[in-house]
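Data block below; observations after.
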Amino acid sequence: LERAGLLLHERQLDEAQAALGRATGLDPNQFPAYIIQGHLALGRGDLEEAARLARTAARIAPEHPHVAGLQGGGAPRQGDVDRALALISGAAERAPNDPQLRHALGFAYLAKGHFAFAEQAFRTQLETDPTSRPLRLLVADLLRRQGRPGDAADELAPLLESSDATVPMQRLVGELELEAGRNDRALPLLRQAFAAQPRDRRNLLPLLDAWRRERLFDEARTTLDDALEDHPEVTDLWRARLLFEEFAGEGARSVIERWRTAMPDFVPALEAQGAMLDQAGDAEGAEAAARRITELQPGHTQAELRVVDALLKRDPDAAIERVESLLAQAPDPNVKRTLRHLLGRCCDIAGQPDAAAATWAELHAEVVDQRLPLPEISTTLPRLPELAPLPDPAAAVLLLWGAPGSLVERLAVTFEQAGAPLRGDRLGAQPPNDPMQRYTTVPGLLDGTLDPAYMVTLWRAALPTRGFRDGNVFAWLLGWDNALLRGLRPPLQEAVLMIALRDPRDMLLDWLAYGSPVPYSLSSPEVGARWLAATLSQVADLHEQDLFPHRLVRLDDIAHDATAIAQAIADALQIRVAVPSQQSLGPVRFEPGHWRHFRDALGDAFDLLTPVAQRLGYPAE
């Protein structure tokens, strides 16, 4: 047994396990051997063996605190943290000075998330063993978890005074000082760590942060240039050096030229050069860099797209040929789908609408079984209850919706960037479980199996879990059907329905080419047109008969203009709306009226949409 203790101290676990086994073989009542073997089993993750040894030890000394400590040590790994804490804390009360139990108690508190109690348990141990580096690191980590990085740095400071202070320790204390806002104390430590190991990204990143905070840009340039003299092959150093230059300026150009000289034909250096030239407006130079990347690394996604984009501007037919060649080489089915979508875009720009429409339609048809079925649209408007007067005071309730291809997502982005509490959770991974999320709601309202008042009650009940706590609701709906008005009037007379709208034929084309935020299936353009016509007929009825407070926001001429979208929302709601960044809207799609280029390719589908387009104020042709 004594030999096993020495072997454990030397971390010779297998030999120690064998010695413990011999001890219990010679004397089956060797209680300490079973306890130590049990903890070794826990360390291996063998919970069944640890439980067996705990039962054996309990037969020898059922009331001994170490039995409860061993039982409690296995409980968190079985998901029962509360039982672990109860067992170990009870044992620690019976043996308050036992270091093994204090250690186990600290980890039980840690598993429970009680960081302050865990800190106290480990600090008590540290007081009895102040030279223990692992204990001091553990206490410091618990201080950091409590939001006390400065105290954590102070806790570790003694370790920096020893002659064996390591670079990782210097970096760790520097990071804690930085987190605590004590930049003047962080910088010397981070400088030392970087100087000792400049190739290690973990030493570079916190120093970059410190330089930026203190605006020590000249020091950053000089230090990084010196490091690059000795280590010109380290990509992280070059990228860090570029951070301290205006991206498209002469300084950046000089740094990239040095990088290219040090590492000729290195793809990351060419990527940086291409991005800089693109930013500077040198399209020809950026394309040349992209072409060189594709020569060195065929199939490089961003470079290939850059080359294709350049070809589209001057020779769309050549762009088609390049995409087709990439398709022939691509082994990944997902990459092939992306390239086929791009091929459709190239065909459109090249004046081949038939090929573009056929390509996009095929892509949709292949994934019909992986998409949501199109909701059934009601064909008759049920008798609706009367609208009631607005309550005083009235909450702000805005329901946002748009059919596929309407670009409703651009209204959502504008709301979000303006700081409005818009919830898009219905389109996320954890949507609310209420009637507005279910396919059965509209049929239930029509056949009487769903009580309208109950529908609204369930909707309201789910609001707190969605983050709505003051009665004001800004929410993005999955779909719309006028049958919902049986439940919304009059209980939600304070609500406003905002609908994104475009020419229905442009909407169908956009849906075909780019999909929609709600991933509905599109088995064919004609099926999609028929469903879209029925859906938009509901919008026309709503608008013509003023069935519910609503705002139509027509995005035809403003879909690519962030300022105009913000103004349209402001005008619709009589509020002020901050203008989002232009980049937040995403790439430019089709210009209004682009559907006319596809008149021959999609004529039957467009014919299905023309009547409702006219009802909504768009020309027949």
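The values are calculated or read from the model by the stated rules, or taken from the named source; none is laboratory data. Computed from a predicted structure; not experimentally measured. Note that each Cβ is placed from the backbone with ideal geometry, even for glycine, and that neighbours are counted across all protein chains shown. Remember, those area values only see protein heavy atoms, side chains included, never the ligands or the DNA or RNA. Shrake-Rupley method; radii C 1.70, N 1.55, O 1.52, S 1.80 Å.
Carbon-plus-sulfur fraction of the accessible area of segment 236-390, 1.4 Å probe, in percent?
On the way: 4310 of 8470 Å².
Result for segment 236-390: 51 percent of the exposed heavy-atom area is carbon or sulfur.
Can you give the extra length, in nm with one decimal, that the chain gains between Asp332 and Glu93 once fully stretched, where that is 0.36 nm per residue apart less the Cα-Cα distance? Each step should come with its number before you reach the end.
Working: separation 239, 0.36 × 239 = 86.04 nm, distance 6.12 nm.
In short, 79.9 nm is gained.
Using only Cα atoms, what Kirkwood radius does segment 477-599 have, in angstroms?
Evaluated on segment 477-599, it is 16.2 Å.
Given the convex hull over the Cα atoms of segment 192-285, what projected area results after averaging over all orientations, in nm²?
Numbers: hull surface 23.9 nm².
So the mean shadow area of the Cα hull is 6.0 nm².
Sort all Cα-Cα distances of segment 247-309 into consecutive 5 angstrom bins from zero, then give the percent of pairs in each bin up to the one containing the longest distance.
Result returned by the calculation: 4, 22, 30, 25, 15, 4, 0.
In whole angstrom, how long is each semi-axis of the equivalent ellipsoid of segment 274-315, when you take the square root of 5 times every eigenvalue of its Cα gyration tensor and sort them from largest down? Please list the in-between numbers first.
On the way: eigenvalues 48, 32, 11 Å².
They are 15, 13, 8 Å, listed from largest to smallest.
Taking every pair of alpha-carbon atoms in segment 173-222, give the share separated by more than 14 Å as a whole percent.
Values: 527 of 1225 pairs.
Every Cα pair in segment 173-222 considered, those over 14 Å come to 43 percent.
Quick one: if the Förster radius is 51 Å, what FRET efficiency do Gln582 and Glu229 give, using the C-beta to C-beta distance and rounding to 0.05? Kindly include the intermediate steps, with their values, before the conclusion.
Values: r = 41 Å, r/R0 = 0.80.
According to the calculation, E is roughly 0.80.
Relative to the longest principal Cα axis of the chain, at what angle does helix 267-279 sit, 0 to 90 degrees, rounded to 10?
With rounding to tens, the tilt is 40 degrees.
Compare the Cα positions of Met276, Leu242, Ile256 along the charge dipole of segment 213-277 (+1 at Cβ of Lys, Arg; -1 at Cβ of Asp, Glu; about the Cα centre) and return the one farthest towards the positive end.
Checking the options against the dipole of segment 213-277, the answer is Met276.
Could you list which residues have their amide H under 5 Å from that of Val397, counting only those 5 or more apart in sequence or on another chain, with H placed in the peptide plane?
Under 5 Å from the amide H of Val397: Val473, Val496.
On C-alpha positions alone, give me the angle between the axis of helix 133-145 and the longest principal axis of the chain, in degrees, nearest 10.
Helix 133-145 and the main axis of the chain meet at about 30 degrees.
Please report the equivalent ellipsoid semi-axes of the chain, computed as sqrt(5 x eigenvalue) of the Cα gyration tensor, largest first, in whole Å. Can you show the working numbers first?
Numbers: eigenvalues 688, 313, 131 Å².
They are 59, 40, 26 Å, listed from largest to smallest.
Inverting the mean 1/r over all pairs of different Cα atoms, compute the Kirkwood radius of segment 276-386 and quote it in Å. If you can, show how the numbers build up before the last one.
Working: mean 1/r = 0.0607 Å⁻¹.
One decimal place: 16.5 Å for the Kirkwood radius.
Taking only the C-alpha atoms, wrap a convex hull around segment 536-621 and report its volume per residue in Å³ as a whole number. Write down the numbers at each step before the final one.
On the way: hull volume 9.4 nm³, N = 86.
Here the figure is 110 Å³ per residue.
In the neighborhood of Ser406, defined by Cβ-to-Cβ distances under 11 Å, what is the net charge if each Lys or Arg adds +1 and each Asp or Glu adds -1? Working shown, then result.
Working: positive: Arg410, Arg502, Arg554; negative: Glu409, Asp503, Asp506, Asp510, Asp556.
Charge balance near Ser406 sits at -2.
Give a quick list of GluC sites (Glu not before Pro) in segment 241-292 that DSSP marks as loop, anything other than H, G, I, E or B, with at most 15 other Cβ atoms within 10 Å.
Working: sites: Glu245, Glu246, Glu250, Glu257, Glu271, Glu284, Glu287; in loops: Glu245, Glu246.
Passing sites in segment 241-292 are Glu246.
Taking 0.36 nm per intervening residue step and subtracting the Cα-Cα distance, what contour gain separates Asp470 from Asp315 on full extension?
Working: separation 155, 0.36 × 155 = 55.80 nm, distance 5.68 nm.
Full-extension gain reported as 50.1 nm.
Give, rounded to the nearest 20 debye, the magnitude of the charge dipole that the chain has about its Cα centre when Lys and Arg contribute +1 at Cβ and Asp and Glu contribute -1 at Cβ. Show your work: numbers first, answer last.
Details: 65 positive and 88 negative charges, 313 e Å.
Around 1500 debye, computed over the chain.
With Rg and the Kirkwood Rh both taken from Cα atoms, where does Rg over Rh land for segment 112-227?
Details: Rg = 15.5 Å, Rh = 15.0 Å.
Here the Rg-to-Rh quotient is 1.03.
Mind pulling the angle between the C-alpha long axis of helix 562-573 and the longest principal axis of the chain? Nearest 10 degrees, somewhere in 0 to 90.
Around 80 degrees separate the two axes.
Give me log10 I(q)/I(0) at q = 0.18 Å⁻¹ for segment 359-481, Debye formula, one equal scatterer per alpha-carbon, no solvent.
For the requested q values the scattering log ratios are -1.24.
What is the local net charge at Asp434, summed over the other residues whose Cβ is closer than 13 Å to its Cβ (Lys, Arg +1; Asp, Glu -1)?
Values: positive: Arg423, Arg426, Arg438, Arg460, Arg466; negative: Asp425.
Within the 13 Å Cβ shell, the charges total +4.
Step through the residues of segment 49-60 one at a time and calculate ³J(HN,Hα) from phi using the Karplus curve (6.51 cos²θ - 1.76 cosθ + 1.60, θ = phi - 60°), rounding each to whole Hz and writing x for Gly and Pro.
Once θ is set to phi - 60°, the couplings for segment 49-60 become 5, 4, 5, 4, 5, 5, 5, 5, 4, 5, 6, 7 Hz.
Output needed: percent of Cα pairs per 5 Å distance bin for segment 436-537, bins running from 0 to the one holding the longest distance.
Pair shares across the bins are 2, 10, 18, 21, 17, 14, 11, 6, 0.
Give me the net charge of Ser523's neighbourhood, meaning all other residues with Cβ under 14 Å from the Cβ of Ser523; Lys, Arg count +1, Asp, Glu -1.
-2
Taking 8 Å as the Cα distance limit and 6 or more residues as the minimum spacing, I'd like the relative contact order of segment 467-621 as a percentage. Could you put the intermediate results ahead of the total?
On the way: 132 pairs, mean separation 49.2, N = 155.
Over segment 467-621, the number comes to 32 percent.
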